[in-house]
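One structure below.
The values are calculated or read from the model by the stated rules, or taken from the named source; none is laboratory data. A quick note: this is a predicted structure, and the numbers were derived from the prediction, not measured. Glycine gets a Cβ as well: all are built from the backbone with ideal geometry, and neighbour counts include every protein chain shown.
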Amino acid sequence: MFGPNSFPAALRKLAALTALTIAISTSNMASAADNYSSTVSFLSKSFLNGKALEGFTAGTMEYGFTLDAMLQLKAGGKSLVKQLPAINYMLGTRSQPLGNASNGYLFNKDETLSLNVGRAGKFLFVSEALDVPNNSIRFDVFKKLAARINSQTGEISNVASGAIDYAWVALGLNAYEEHSLANKVVQKMLTLQNTDGGFGEVDALASTPDSTGLALQAINLRQDFGTDAQDKKRAIAEKKAIAYLVATSVDKNHWNAYGEASVNSTAYAAMGLKAAGKKIALYSDWLKLQLAPKGGFLTSWSNGVGDKFATAQAIVPLLGKSYLDLLP
C-alpha cells in the first residue's frame with residue numbers, strides 16, 4: 001500500500017539522471033588515505049570480475065554480502081568509479097535486481113519468487129550511500145517494496161523472522177526520503193523488541209547483537225520524524241537496546257556468535273552503538289586485532305587468512321564509523 005505522500009517524492013526522483021558513466025563525479029567520496037589498504041584490497045579482490053562477492057559455493061554470487069561489501073569499500077576509500085563494475089552489476093542496471101526474478105537477488109529464490117524486502121531496503125540504502133545515479137531503478141524497487149507495507153501500521157507482509165528485514169526496510173526508505181513510511185516501519189519494528197532489550201534475527205524471540213546493532217542504526221537515522229509519543233517510544237527502545245549490547249559484550253570489546261568470538265556480530269553491534277552516539281574505540285581495537293597479515297579479517301575457520309564474509313561487514317566499524325556515517 002502506498003502512503004499519501006509516497007508518489008511526489010518518488011516521482012521527483014524518477015526525473016533525475018539515470019545513466020551511469022565513467023565520468024561520475026567523486027567529489028563526495030572518501031579520498032583520504034586509509035591505514036588498512038591491504039584489507040580494502042583483499043575485499044576488492046574477493047569480487048568475481050569486480051561484480052559481486054563469490055558465494056559459499058564456488059562460481060556463485062552472494063548478493064546480500066556484496067551490498068555490505070560495497071559500503072565497506074566506500075569507507076575504505078574506494079570511489080564510485082573504482083567500484084564501477086559492481087555498481088553497474090548490482091545497482092546500475094535492471095538485469096540484476098529486477099530483470100530476472102529467479103536470480104535470488106531482490107527476489108527470494110523459491111517457488112513464490114517474492115520480493116526479498118530486507119534486501120530491497122538495503123538496495124535503496126546502498127544506492128544512496130554510494131550516491132549512484134540510478135533513480136529510475138530505485139523508484140521501481142521502492143514501488144515493489146511499498147506494495148508490501150501497510151501504510152497505516154508499518155507492518156510488512158510475509159515477514160515472519162526478527163527485526164533484520166524491518167531495519168533494512170526502514171534504513172532504505174529513509175535513505176530514499178520516504179520518511180513517513182519509514183517511521184511507520186520503525187514503529188512496527190519496535191514492537192519486535194524482546195524483554196532483554198535486544199532484537200531477534202531468524203528467531204524473533206532470540207536476541208542477537210547483529211540484529212540489535214542494525215535496529216539501532218534504523219532507529220537513529222531519523223529520530224525526530226514521528227509524533228512526540230513515537231519519538232519517546234524510540235528513545236526508550238534505544239536505551240534498552242544499548243543496555244542489551246553492553247550486557248552481552250564479552251570483555252567489553254566484542255561479541256560472540258554460536259559460542260565463539262564473531263567479527264560480524266561485533267561489527268554490527270559496534271555500528272549500532274556508534275549510531276546511538278556511543279564510543280566504540282574498544283570494539284574497533286578488537287577488530288584491528290583480528291586482521292590477517294595479508295589483509296582481511298580472521299575467523300576460526302579461515303585457516304590464518306582473511307575471510308571475505310567477515311571483511312564484507314567489518315571495515316566500517318574498524319574505522320570507527322557506522323553505516324549512517326556513509327550517507328552523503
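State yes or no: is Val185 among the β-branched types (Val, Ile, Thr), in contact (Cβ under 8 Å) with a residue 24 or more places away in the chain and either buried (at least 22 other Cβ atoms within 10 Å of the Cβ) or in a helix (DSSP H, G or I) (or both)? Here the answer is yes, as Val185 does meet what is asked.
Residues being over 22 Å from Gln96 (Cβ atoms), crowded, with 24+ Cβ neighbours inside 10 Å, small (Gly, Ala, Ser) and at pLDDT below 95 are represented in segment 144-162 by at least one member.
Listed here are the residues, each with its yes/no results for (1) over 25 Å from Ala314 (Cα atoms); (2) in contact with a Gly (Cβ under 8 Å, 6 or more places away or on another chain).
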position: Leu171; (1), (2): no, yes
position: Asn174; (1), (2): no, no
position: His179; (1), (2): yes, no
position: Val185; (1), (2): yes, yes
position: Val202; (1), (2): no, yes
position: Leu214; (1), (2): no, yes
position: Ala235; (1), (2): yes, no
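Condition test on Thr26, is it surrounded by 12 or more Cβ atoms within 10 Å (Cβ to Cβ), modelled with pLDDT under 90 and assigned to a loop (DSSP other than H, G, I, E, B)? Against the criterion (surrounded by 12 or more Cβ atoms within 10 Å (Cβ to Cβ), modelled with pLDDT under 90 and assigned to a loop (DSSP other than H, G, I, E, B)), Thr26 qualifies. Residues that are surrounded by fewer than 19 Cβ atoms within 10 Å (Cβ to Cβ), acidic (Asp, Glu) and modelled with pLDDT of 95 or more within segment 193-223 comprise just one, Asp196. Of the residues making up segment 276-295, those that are assigned to a loop (DSSP other than H, G, I, E, B), under 19 Å from Gln72 (Cβ atoms) and within 19 Å of the chain's Cα centre (by Cα) number 1. Of the numbered criteria (1) touching a residue at least 40 places away in the same chain (Cβ under 8 Å); (2) touching a Phe, Trp or Tyr at 6+ places or on another chain (Cβ under 8 Å), the one Ala243 fails is (2). The residues in segment 74-129 that are in contact with a helix residue (DSSP H, G or I) (Cβ under 8 Å, 6 or more places away or on another chain), charged (D, E, K, R) and more than 17 Å from Leu53 (Cβ to Cβ) can be counted, and the count is 2. Suppose we filter Leu80, Leu98, Leu71 for residues that are surrounded by 15 or more Cβ atoms within 10 Å (Cβ to Cβ) and at pLDDT 95 or above; which single one remains? Of Leu80, Leu98, Leu71, the one residue that is surrounded by 15 or more Cβ atoms within 10 Å (Cβ to Cβ) and at pLDDT 95 or above is Leu71. The set of residues in segment 252-269 that are touching a Leu at 6+ places or on another chain (Cβ under 9 Å), over 23 Å from Ser41 (Cα atoms) and not in a loop (DSSP other than H, G, I, E, B) comprises His254, Ala269. Taken as a whole, the structure places Thr66 among residues that are of a type in the set (Ser, Thr, Tyr), outside any loop (DSSP other than H, G, I, E, B), under 18 Å from the mean Cα position of the chain (by Cα) and more than 18 Å from His179 (Cα to Cα). Would you tally the residues in segment 303-321 being farther than 15 Å from Gly76 by Cβ and either at pLDDT 95 or above or in contact with a Lys or Arg (Cβ under 9 Å, 6 or more places away or on another chain) (or both)? Looking only at that region, the number is 3. What about Thr112, is it of a type in the set (Ser, Thr, Tyr) and in contact (Cβ under 8 Å) with a residue 12 or more places away in the chain? In short, no. Residues that are buried (at least 20 other Cβ atoms within 10 Å of the Cβ) and not aromatic (Phe, Trp, Tyr) within segment 309-320 comprise Ala310, Thr311, Ala312, Gln313, Ala314, Ile315, Val316, Pro317, Leu318, listed in sequence order.
Restricting segment 296-317 to residues that are of a type in the set (A, V, I, L, M) and within 21 Å of the chain's Cα centre (by Cα) leaves a set whose member that is nearest to Glu260 (Cα to Cα) is Ala310.
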